[in-house]
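Before any comments, here is the structure.
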Ligand code: PXG
């Protein structure tokens, strides 16, 4: 079927419904979308342009990945240059210099102790499954092969591969897919409606983390490989752990020889107002996953950063030197074009002091979003760094309807926001001005009050 939008640059009329059929869109209400498509044609800075030529503010930084804004010249040029120079190099047994340069840049920004990077296929889901496999394999090579159980948290999101779905805790993402891995889940950290916590809730963290002790009593630490959590839960609607929670998880894991994994696919590289969530919350895990912001969303790049002891354990157990120590990797692990984008992204993150900028904007953003307490339908608001989640009171039997309607009305006003479950989520670009943040939040307040 011919493209009814014509060439990319031509202004478009509404695309034909039949032409939209061939692409089965991911995590999308395909019937609704194809009846009323929302298509972007260009992006620059903090704004998209849609097929009607309207400017739309990017209130979620793409999907939490384009904090530095779109079409950054340095990244565009680095990618173009790299494709022309070395478009691909084999990921296994041979390499290229960019992955080593980028690994060093990443390690420089990690908390002390996290110093070896295993790149994954490009998605956060790959990074998560890589981390879970490394954790199990680590205990196996250490002679503790019974340590296989993986512990996640209710409401956690760790991507869509079988490992990530198994440790994940969002029921809608799990229930269709049958038996997963051997997992257990810590209780979720969703505050009761009406809590309106600003940043970290101040109390109860250690007691909540102690629920890990109950799982250890039930299964015994000798069967548990790792605990995986997001420093704050992104997809579930920006759910921030109470003070002391992550620190206590760290203590328990250390005490019981269980690896602690932070899934930093959303929290890594600026969003928290620090280079990592680990830094922001002052707790260092044994493994840390990253993706999204590592190339400012321009190229798929992801990976796991591990402690030296883990890397060295594999090398020590590797047998003769010419043998592979860990049989794991992807054709596109550390793709050279993605690495070029990553290096350019790290240059900009550092030069523009992006984490500091987020930290400076965060109090303004916090004040603005909590100004919507009392707006129609809002039962809770949570925030951390440049991220905020709003829970809306549900229409009877239809918790997801109101957020959908609000997001559609926001789009009409020129703002892209995320809707999922009973929540609306905001994660504006780090380059946003205070006035842009105000306009985004004001538009949301107005929309909520206009929604039935
Ligand atoms: N871990 C975490 C913590 C994530 O947030 C993934 C893993 C998986 O990444 P990939 O690249 O495989 O999608 C994620 C992804 C949203 C939203 O708005 C969140 C994600 C992806 C798309 C939308 O809630 N998180």
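The values are calculated or read from the model by the stated rules, or taken from the named source; none is laboratory data. Fair warning: this is a prediction, and the values are worked out from it, not measured in the lab. Note that each Cβ is placed from the backbone with ideal geometry, even for glycine, and that neighbours are counted across all protein chains shown.
Summary table below
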item	result
Helices (runs of 4 or more DSSP H) fully within region 20-99 counting 1 or more residues that are closer than 25 Å to residue 271 by Cα	61-64, 73-85
The lone exception for residue 400 - which of (1) more than 18 Å from the chain's Cα centre (by Cα); (2) buried (at least 18 other Cβ atoms within 10 Å of the Cβ); (3) modelled with pLDDT under 95 it fails	(2)
Residue match in region 315-323 (condition: in contact (Cβ under 8 Å) with a residue 12 or more places away in the chain, assigned to a loop (DSSP other than H, G, I, E, B) and away from the ligand (no atom under 16 Å from the Cβ))	yes
Of the criteria (1) in the same structural domain as residue 298 (by TED's automatic domain parsing); (2) more than 30 Å from residue 103 (Cβ to Cβ), which one residue 343 fails	(2)
Members of region 428-452 that are closer than 14 Å to residue 368 by Cβ and assigned to a loop (DSSP other than H, G, I, E, B)	428, 432, 433
Residue ID - surrounded by the fewest Cβ atoms within 10 Å (Cβ to Cβ), chosen from residues in region 260-279 that are within 14 Å of the ligand (Cβ to nearest atom), outside any loop (DSSP other than H, G, I, E, B) and without any contact (Cβ under 8 Å) to a residue 60 or more places away in the chain	277
Filter result for the condition that a residue is buried (at least 16 other Cβ atoms within 10 Å of the Cβ) and in a strand (DSSP E or B), over 158, 185	185
Residue list for region 100-124, restricted to those being surrounded by fewer than 23 Cβ atoms within 10 Å (Cβ to Cβ), part of a helix (DSSP H, G or I) and touching a helix residue (DSSP H, G or I) at 6+ places or on another chain (Cβ under 7 Å)	101, 105
Residues of region 141-163 satisfying the condition of being in contact (Cβ under 8 Å) with a residue 40 or more places away in the chain and within 21 Å of the chain's Cα centre (by Cα)	150, 151, 152, 153, 155, 156, 157, 158, 159
Region 227-248 - residue that is more than 9 Å from the ligand (Cβ to nearest atom) and at positive phi and, of those, surrounded by the most Cβ atoms within 10 Å (Cβ to Cβ)	238
Top-ranked residue in region 66-99 [being within 23 Å of the chain's Cα centre (by Cα) and more than 18 Å from residue 335 (Cα to Cα); ranked as surrounded by the fewest Cβ atoms within 10 Å (Cβ to Cβ)]	71
